[in-house]
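Notes follow the structure.
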Amino acid sequence: QVQVVESGGGLVQPGGSLRLSCVVSGGIFSVAAMDWYRQAPGKEREVVARINSGGSTNYADSVKGRFTISRDNAKKTAYLQMNSLKPEDTAVYLCRFGGSDYWGQGTQVTVSS
């Protein structure tokens, strides 16, 4: 049974930073790609960043240069470092394991003054 649990969200002022974590249990983490998505109210879910098993990364244009995805295979954890946050980054951020149907419950990120 695969479980995916995100944490690290919160309220931050514009220009601030947050680091999200995604812990996976029950799956073979080291060979899996990991994705971070986000969903804002009234909008479709969109992919934010991806890291494959070899450590190669891809980012949505809207977050390039501000967000960094990384992974620690020993801890079975993926991270999303978010800097220079903007109000339009406000959303529920979700982690997806291995391109599968295994998702976490999400963590709320709110960027507001």
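Going by the conditions given, is Arg38 open to solvent by 70 Å² or more (accessible area, probe 1.4 Å) and in a strand (DSSP E or B)?
no
Which of the residues belonging to the range 79-102 are crowded, with 17+ Cβ neighbours inside 10 Å and outside any strand (DSSP E or B)?
Leu85, Asp89, Thr90, Gly98
Is one or more of the residues making up the range 48-63 within 18 Å of Ser17 (Cβ to Cβ), modelled with pLDDT of 95 or more, part of a loop (DSSP other than H, G, I, E, B) and open to solvent by 50 Å² or more (accessible area, probe 1.4 Å)?
yes
Within the range 65-80, is there a residue that is closer than 15 Å to Gly98 by Cα and of a type in the set (Phe, Trp, Tyr)?
Yes.
Any residue at all in the range 43-61 that is of a type outside the set (Phe, Trp, Tyr) and in contact with a Gly (Cβ under 7 Å, 6 or more places away or on another chain)?
No, the range 43-61 has no match at all.
Restricting attention to the range 103-113, report how many residues are open to solvent by less than 40 Å² (accessible area, probe 1.4 Å) and either at pLDDT 95 or above or in contact with a Lys or Arg (Cβ under 7 Å, 6 or more places away or on another chain) (or both).
Number of matching residues: 4.
Would you check if Gly42 is free of Cβ contacts under 8 Å to residues at least 12 places away in the same chain and either aromatic (Phe, Trp, Tyr) or closer than 18 Å to Val111 by Cβ (or both)?
yes
Conditions: (1) free of Cβ contacts under 8 Å to residues at least 12 places away in the same chain; (2) open to solvent by less than 30 Å² (accessible area, probe 1.4 Å). Asp72 meets all but one. Number of the miss?
The one condition Asp72 does not meet is (2).
Regarding the range 9-20, can at least one residue be identified that is in a strand (DSSP E or B), at negative phi and either open to solvent by 50 Å² or more (accessible area, probe 1.4 Å) or acidic (Asp, Glu) (or both)?
Yes, the range 9-20 contains at least one residue that is in a strand (DSSP E or B), at negative phi and either open to solvent by 50 Å² or more (accessible area, probe 1.4 Å) or acidic (Asp, Glu) (or both).
The values are calculated or read from the model by the stated rules, or taken from the named source; none is laboratory data. What you see is a predicted model, and the numbers here were worked out from it, not measured in a lab. So basically every Cβ, Gly included, is an ideal-geometry build from the backbone, and we count neighbours across all protein chains shown. Ligands, DNA and RNA are excluded from the accessible area calculation, which covers all protein heavy atoms including side chains. Shrake-Rupley method; radii C 1.70, N 1.55, O 1.52, S 1.80 Å.
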